[in-house]
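What follows is a single structure, written as structure tokens, with notes after it.
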Amino acid sequence: MQARTRWWLTGIIVLVILAALGVFEPLKLRDRRDPATGEVVSPVREVGPFKLYRPHFGITLGLDLRGGSHLVLQAQRQAVYEFSAAELAQEMSEEERNDLYGELVGLLPTEAIGTGKRELQLVDDRIRVRTRLEEGVDVGEQAEKIKALLAERFPDVEIKVAKPEDFTSEHLASIERIIENRVNQYGVTEPIIQRQLPDRIIVELPGVKDPEAAKELIRQTAVLQLRHIPRKYAFGDEGRPEETEVAGEPVYTFRDPTGKEVPTEQVIDESPVIVTGKDLRPTSRVDSLAGQQTQVTFELQGDAIKRFEDFTRAHQNHYLAIVMDGKLISAPVIRATIRREGVIEGGFDRPGGLEEARDLSILLNAGALPFDLEYIESRTVSAQLGQDALLKSLKAGFWGFLAVLVFMALYYRLPGLLADVALVMYVILLLGAIKLVNQVLTLPGILAVILSIGMAVDANIIIFERLKEEIRTGKTMRSAVEAAFKRAWAAILDSNVCSIGTGFVLFYFGTGPIKGFAVALIIGVAVSLFTAVTVTRLFVNMAINTALARKVALFGVSPEEVGQV
């Protein structure tokens, strides 16, 4: 055997072994986790730094093979209304501004500006309202209604901005990124998250045990607000809100100066916003040390650092309302100046509280969604259905692959047997390439793998038919092999390039399963080019250097055709 042939053979064998190790994962340095349960699987044996496991199929399976949830979310349109009033430009004390804030909230009830989420801000002499835009609502008419309400307090109020906030590709990209961050931190293995223009996001969560919890986590807008509670409501024991527990959750009771109880929602509405979740860095964490209270730590960024520092320095012993999506989480007192890092406490030490703290940290790190989301489609594939689909697909693929091996061996004899060996290597290399690019294998993906096996065989058929023609012309075996591969190359390249081009078209224009099919097809065709031309050629060249090359019958040509009778 020539040195060059020996190096090629060694390289191919090493490549196949590495692919097999990557796909079936019998050796790992770290603990292996069951992708279905997330539990650590104990190794059979430890060999030095390696942990030896029983082989398993290590490629990530898609929703249709593993089970899970398929969700389609639609972003809801918003409208922005901005008004100006000269009175707001006048010097006002903090108490007056707090009172004004509460008064404006009363002037702008939810019914007046559409149902759904709403935000109200006071900026210099401007009043800005952002709200969900319901179908059929005219922005101009809605702005006039809000102006009429504001005119009761500000006779010279003017409309400066009244416009719908339409979706852009940047908005959808932002929503996709935020959802992906939340899902990844939630612990879902290989989620599929895709944009569907103009306003939809498709989310597939393979193997999710609690789809309702995942849905709630994905949809939450995670609007964190730190609001300044007006002093008139900070009554109770030692001049602070009364805190009790109901069903294990903290409940705060606020009273006005006369001692009358005030609804918590009213207190939140009348408490001006100091900083929001947009002012946070994605570094939130859960601190749960033995003997200490569980808390969520957050860190401010940008202008909010100075703004919050100035506020906390000037408002010692005042109270903050830490509000998440309109729900009061905690009402801590400001004991010292807070410069950059703060904590959220309260209710996390009860049963299930640690999980709530973890979800809260995920939401803070993932950011706030720029639009409200609504589920318009939700379906769940059971794990049993996915397992049945996988077994049927593997069974069909096995019998099809076996039929191809038998056909090649019977019809093309020695070259067919060599092609069978190359084909087995091809399947291992193909699975290794799929694992390498971290491709999720779905039912369409398995179809693409089976189809690419047929295409790999097709290349061998072209080569072997050309080889028989060259042998019949009377050429030596070595010359016939060289000519067969050289002349078959153009046809093989043309067909495979067309297939790869089709795969790219499907990937660009397709969604979901179509993209999975396209990726598997592109990888399969590319690997088949390597095995059909390089691996098979190497084996055939090795065979013609033996006594087998003198028996043309082993190459599918009768001795009479070449005058060997």
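Observations, loosely collected:
- Label zone of I514 (point 7 Å out along Cα→Cβ, amide N under 20 Å): in region 67-85 this covers 70-74.
- Entries in K392/K435; K215/K278; K163/K515; K392/K515 that, when Cα-Cα distance is taken, lie over 29 Å: K163/K515
- Cβ-derived FRET efficiency at R0 60 Å, D372 paired with F50, nearest 0.05: 0.75
- Within a straight-line Cα-Cα reach of under 19 Å, K232 can be paired with the following lysines, leaving aside sequence neighbours fewer than 8 residues apart in one chain: K260.
- Look at L529, L423 and count the other Cβ atoms within 10 Å of each Cβ; fewest to most, that gives L529, L423.
- Counted by neighbouring Cβ atoms within 10 Å, the residues I514, I179, I12 run from fewest to most as I514, I12, I179.
- Which of F50, F517 has the fewest Cβ neighbours within 10 Å, and the rest in rising order: F50, F517
- Peptides 251-260, 305-314 ranked from most to least packed, by the mean per-residue count of other Cβ atoms within 10 Å: 305-314, 251-260.
- Distance (nanometres) between label positions extended 7 Å along Cα→Cβ at D125 and E469: 8.8
- FRET efficiency, 1/(1 + (r/R0)^6) with R0 22 Å, evaluated for N545 and V421 via beta carbons: 0.85
- For region 438-460 versus region 480-525, the spacing of their alpha-carbon centroids is 11 Å.
- Net length gained if the chain between A409 and V139 were fully extended (0.36 nm per residue, minus Cα distance): 89.8 nm
- Most positive-pole-ward Cα, A547, V437, F407, against dipole of region 386-562 from beta carbon charges: A547
- With a Förster radius of 45 Å applied to the beta-carbon distance between A491 and L197, the computed FRET efficiency rounds to 0.70.
- Net lengthening on full extension, R379/L402 (0.36 nm per residue, minus Cα-Cα): 4.7 nm
Every number here is computed from the coordinates shown, using simple stated rules; none is lab data. Note that the structure is a prediction, hence the values are computed from the model and not measured. A quick note on method: Cβ atoms are made from the backbone with ideal geometry, for glycine too, and the neighbour counts reach across all protein chains shown.
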